[in-house]
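First comes the structure, then the notes that go with it.
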Amino acid sequence: MIRAVKGTRDILPPSSSVWNFVEATAREVFRAYNYQEIRTPIFEETQLFARGVGEDTDIVTKEMYTFDDRDGSSLTLRPENTASVIRAYIEHSLHQQPGLQKLYYMGPMFRRERPQKGRFRQFYQIGAEAIGSDAAFIDAEVVEMVHELLTRCGLSGFEVLLNSVGCAECRPRFLESLKAALAGVAARMCQDCQRRAGTNPLRVLDCKIPEDQPVIEALPSILDHLCGTCSAHFATVRQYLDDRGIAYQVKPRLVRGLDYYMRTTFEFVHGALGAQNSVLGGGRYDGLAEQLGSRVHSPGIGFSIGEDRLVMSLEQQAPEAHRHVLDLYIAPMGAEALRHAAGLAHELRRKGAAAELGGDAKLKRAMELANKLGARYTLMVGENEINTGLYALKNMTTGEQEQISRTDLAGRFPQN
């Protein structure tokens, strides 16, 4: 038997209906905030991610799916999509369009990391980017939009974590302080942290190894090293969130795993996901466009939701919510009744009802199948029903049965 590759899986009913609900909800929220969809290629030149994500990040050094094309060029399945969106922004001169460029995306990403709860090698992200402004109110609006999206999806009990990682002026000073502090303690930390202490010390703060946490908590705080501009920017972001009544926790150790982030960074976490509890993360990346070759300063901020992890949280919180519901099972009794019932099914489906047309089966068997399929109602169609124009409609929850005409039936479904 050929099975799905390790780290991948099939998304099957009824879970797929939850995925559809999440994506439909996200599109509604993005529309409300004036975001439009962008669809980028599933693979890009490897250099895009090496330059954009960072040469020393775990994604580039350990996790990317990279291969040589037939012409000798190096291509990589996208491990994230912000770099691709910015590449498209530059390539198509979107900075010439009026106003902010507010773009969203949905789709699969690929990283060869160790599969664990809610994490896969082919995983799905819903994300958005607001490009063209460095204003603090945009940062707050992005956090607000994510908060609204999760709330509309029905997720409760999530927390907002917030930090600032400074800018090109103040972060180098913090990194020097951090390197000095790590020099005496890195040897007591995990191998990854020992390596990062020399190559990318900021990433040490992102370590999830429990034994390393006491050491990390004692390291210098970025908030004590922010320049005046970054400090004022972060204070304004918090003020806007306070004005909206959005609760958050300031986490000085919160950094993102990608090199392009600066100033505002944030995560939304949820307890249902265990130790690796992040549902989504994001932040500001004001220099990324220039890093990828833009001649125009194009500050931006964005986020990406781990859709796999969001769906998992929703299913654990309310297992039956957002599942597909079959409105009506039509049970024809005989070949002629089947032809008649097919016409009924066609009419009801065009009106938006979810209807399943059974075959020519005995009534008892048809009722059993309707019950197993979770149908809200079963409609019985036989010779007598066709002649009188009245059908037997059974409520599968209450067991009540009524006579209903074709006209009244058409007006009954879909019924919320």
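Looking at 174, 158, which is the one that is touching a strand residue (DSSP E or B) at 6+ places or on another chain (Cβ under 7 Å) and over 30 Å from residue 98 (Cβ atoms)?
Numbers: 174 fails: touching a strand residue (DSSP E or B) at 6+ places or on another chain (Cβ under 7 Å).
After ruling out the rest, the residue left standing is 158.
Kindly indicate the residue of segment 203-212 that is outside any helix (DSSP H, G or I) and loosely packed, with under 15 Cβ neighbours inside 10 Å and also modelled with the lowest pLDDT among those meeting that condition.
Of everything passing the filter in segment 203-212, 208 is modelled with the lowest pLDDT.
Helices (runs of 4 or more DSSP H) wholly in segment 1-92 with at least 2 residues that are among the charged types (D, E, K, R) and more than 26 Å from residue 311 (Cβ to Cβ) - which ones?
Qualifying helices (runs of 4 or more DSSP H): 82-91.
If we scan segment 213-226, do we find a residue that is under 29 Å from residue 135 (Cα atoms), surrounded by fewer than 12 Cβ atoms within 10 Å (Cβ to Cβ) and among the hydrophobic types (A, V, I, L, M, F, W, C)?
No, that holds for no residue.
Does residue 375 fit the bill of being in contact (Cβ under 8 Å) with a residue 40 or more places away in the chain and of a type in the set (Gly, Ala, Ser)?
yes
Out of all the residues in segment 285-297, is one or more farther than 30 Å from residue 409 by Cα, under 19 Å from the mean Cα position of the chain (by Cα) and in contact (Cβ under 8 Å) with a residue 24 or more places away in the chain?
no
Let's see how each residue does on (1) touching a helix residue (DSSP H, G or I) at 6+ places or on another chain (Cβ under 9 Å); (2) acidic (Asp, Glu); (3) at pLDDT below 90:
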residue	(1), (2), (3)
342	no, no, no
348	yes, no, no
351	yes, no, yes
364	no, no, yes
381	yes, no, no
386	yes, no, yes
415	no, no, yes
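Within the group 86, 38, 42, which residue is in the same structural domain as residue 300 (by TED's automatic domain parsing) and open to solvent by less than 20 Å² (accessible area, probe 1.4 Å)?
The unique qualifying residue is 86.
The values are calculated or read from the model by the stated rules, or taken from the named source; none is laboratory data. No experiment lies behind these values; they were computed from the predicted model shown. Here the Cβ is made from the backbone with ideal geometry for all residues, glycine too, and neighbour counts use every protein chain on show. When the accessible area is computed, the model is the full protein with side chains, heavy atoms only, and any ligands, DNA or RNA have been set aside. Shrake-Rupley method; radii C 1.70, N 1.55, O 1.52, S 1.80 Å.
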